[in-house]
Structures are given as structure tokens and as C-alpha cells.
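Shown next, in C-alpha cells, is the structure this report addresses.
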Amino acid sequence: MTTNRGRKDVIRDRMAATGESYNVAARNLKAMKDTAATREARLIQRWLPAESLDVPCPCGGTCEPGETCDRCHARHRHVKRYPGSVTDVEAWADRYECMGCASSYTLTIHLAGRPWGVAETVVRGGSAEEVVLARVFPGVVHPLLRAEVASESGPDED
Ligand SMILES: [Zn+2]
Ligand SMILES: [Zn+2]
């Protein structure tokens, strides 16, 4: 309840400051919130793998410990994180690579409150079918979807 009321106060403050209508002020505030979420999504994705397994994983400790490799018995290391779904914006995929050989695997994880984009329900076509479309935050690299604005680093392919 307090959150909702707080949000309306913030919108009214912006209306008073900018002279915008309620809808415009609300939309601009949402864009600013998206900007903050975008920044965080980029941080979730952009880090370099740890040099050794003795230090905490730079992803922020939200991954599973790497499994022992069946082939060479070395450990797998978390090396990469990218969006893990085309509709669930809180689903991320974590790639692990073996530190001793070319073995690798991917785990899908759910990071609540840390989306890689915004999911929007749109009505499509003559059948008026409702579909969920995800919009990827600018700068976030999605293996299947394109971000609204091209990221400066370009798609990062394996
Ligand atoms: Zn990690
Ligand atoms: Zn291995």
C-alpha cells in the first residue's frame, strides 16, 4: 500500500516539476526505472570469469558451484551468463566450462527482480490471440532476441 501511494506521490512531484500530464510523467518515470534495471541487467551479464575456484564467482554468487568433470575430473567454472528464455525475463542461462578440458554445460536459473528485459502481453492478429513478447534491455546480449538499441559490444557468439 505504501509503495503504491509512494509511486503516485513521485508521479505528482514530477508533474509539478515538469508540467507533464499524469500519463506522460508516469511513462517517463517508468523509462527511468527501466534505465536502472537496464544498468543492473548489464552488470549481471558483464563480468569476467574468476581466475581460480578459490575466489568467489564474479557473477555475484548467484550461481551453483561448478560440477566435477566426468572426463578429466577437473572442476567446471562459471564463465558466462545470458538471458535463458524468450518470454521469462527473469530466466538466465549460466554457462560452465571445465578448467581442464573442453567440456561445458548450461544451467537455467531464475533471478527474481533482476530481469534482462520487460515482458509485455500484446494482442496479435485477427484471432486476437494474446502473446507475451519480451523486450530486451539495450546493451544486454540475448542469444535469440535483439535489444532495442544495438549494444556497443555487438552480439557475443560462441
Ligand atoms: Zn557465477
Ligand atoms: Zn574436463
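Only one of the numbered conditions (1) loosely packed, with under 15 Cβ neighbours inside 10 Å; (2) in a helix (DSSP H, G or I) is violated by GLU51, and that is (2). When ARG71 is tested against the conditions (1) basic (Lys, Arg); (2) closer than 27 Å to ARG135 by Cβ; (3) in a loop (DSSP other than H, G, I, E, B), the lone failure is (2). Could you identify the single residue in VAL136, VAL131, VAL141 that is touching a residue at least 60 places away in the same chain (Cβ under 8 Å) and either in contact with a Leu (Cβ under 7 Å, 6 or more places away or on another chain) or of a type in the set (A, V, I, L, M, F, W, C) (or both)? So the residue among VAL136, VAL131, VAL141 that is touching a residue at least 60 places away in the same chain (Cβ under 8 Å) and either in contact with a Leu (Cβ under 7 Å, 6 or more places away or on another chain) or of a type in the set (A, V, I, L, M, F, W, C) (or both) is VAL141. THR87 passes every criterion in (1) at negative phi; (2) within 14 Å of ligand 1 (Cβ to nearest atom) apart from (2). Screening ALA41 against (1) open to solvent by 30 Å² or more (accessible area, probe 1.4 Å); (2) away from ligand 2 (no atom under 16 Å from the Cβ) leaves a single unmet condition, (1).
Region 78-141 holds strands (runs of 3 or more DSSP E) entirely within its bounds, and those carrying 2 or more residues that are of a type outside the set (S, T, N, Q) and modelled with pLDDT under 95 map to 117-124, 129-136. Scanning region 57-90 for residues that are of a type in the set (A, V, I, L, M), open to solvent by less than 50 Å² (accessible area, probe 1.4 Å) and away from ligand 2 (no atom under 16 Å from the Cβ) yields a single hit, VAL89. Between ARG27, ARG14, the distinction of being surrounded by 15 or more Cβ atoms within 10 Å (Cβ to Cβ) and either out of contact with any helix residue (DSSP H, G or I) (no Cβ under 9 Å at 6 or more places or on another chain) or part of a helix (DSSP H, G or I) (or both) belongs to ARG14 only.
The C-beta contact set for region 79-96 (first residue of a type in the set (Ser, Thr, Tyr), second residue assigned to a strand (DSSP E or B), distance under 6 angstrom, 6+ apart or interchain) comprises TYR82/ALA93; SER85/ALA91; THR87/VAL132; THR87/ALA134; TYR96/HIS76; TYR96/HIS78; TYR96/TYR105.
The values are calculated or read from the model by the stated rules, or taken from the named source; none is laboratory data. Treat the numbers as computed from the prediction; the structure is a model and nothing was measured. Methodologically, a virtual Cβ is constructed for each residue, glycine included, from the backbone with ideal geometry; neighbour enumeration extends over all protein chains shown. All accessible areas refer to the heavy atoms of the entire protein, side chains included, with ligands and DNA or RNA removed. Shrake-Rupley method; radii C 1.70, N 1.55, O 1.52, S 1.80 Å.
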